[in-house]
Amino acid sequence: MKKVYKILLIVLVILIVVFITFIVYFNFLYEPKFIDQDSPVEFITYRNERLGFELKYPNKTYYSLAIFELEEGGYDVKGGFVLLKVFEFDDYIYFDDEYSINCNGSYKINEDVRYEMCRKEINNMDSVEDWRVWRINIVEINNEEELDLYIKENFGSSCYAGERNPYIQEGVEQIKIYGDGLDLDHTLCPLNGGYEMFYYPEKSKLIEWNTGMERIFWGNKEGTVTFDEEMIESFRFID
């Protein structure tokens, strides 16, 4: 019996060491891939056979807090391009930057802002799991009753499928949700932000996602180039 306890203790210690190593690596040692700031943005086709769809996304996007450097008086934070990654879950996927920057202790030196400390926080499955914007959800919908129930449960009890326009892919409908017409303080259909919804009745599949209050994927510092529309228009169900 003592031998069994000893083996279990050794296994437990090994698991703890592996877990600590994982945490330290991804939070302190892991370095995101180098991104050529001057190279043109390239679009990649993401194809998921299991979930049954594909779309194109940029390999990198502009982020206002992308690079930090230790300057005289503290850390200086600059904008730049960051690698865009796809996080895959069982019934949805999520697009997000490879990392974000967290800085503490801001102060001014002349007209420049400096920080006492900055660090990169690598995005992973845990950090993006509960986020909503650009989380692409895939659902099986077999009839009109299930469609109406899904919309009410996920958007609001007074929401329903309004406009149903033919999409550029044959057999696919692009759905616009209608509500009760009340303001956000009183409505039971609080559509506060953009969304996309595509329904393929023949395949019994619905795909929808929240696109946010504004554009998410930027292509330059000036904010005159975005990739959101191109990503949306590239969406296709896989037959």
**Considering residues of the range 29-69 that are in a strand (DSSP E or B) and polar (S, T, N, Q) only, the residue modelled with the lowest pLDDT** = Ser64
**Fill in**
Requiring at least 1 residues that are at pLDDT below 95, charged (D, E, K, R) and surrounded by 15 or more Cβ atoms within 10 Å (Cβ to Cβ), the strands (runs of 3 or more DSSP E) wholly within the range 134-215 are 135-140
**Message:** So, in the range 102-127, how many residues would count as being at negative phi and more than 16 Å from the chain's Cα centre (by Cα)?
**Reply:** 17
**Message:** Restricting to the range 216-239, count the residues that are in a strand (DSSP E or B), touching a residue at least 40 places away in the same chain (Cβ under 8 Å) and within 19 Å of the chain's Cα centre (by Cα).
**Reply:** 2
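The values are calculated or read from the model by the stated rules, or taken from the named source; none is laboratory data. These figures come from a predicted structure and were not determined experimentally. No Cβ is skipped: glycine too gets one built from the backbone with ideal geometry, and neighbour counts run over all protein chains shown.
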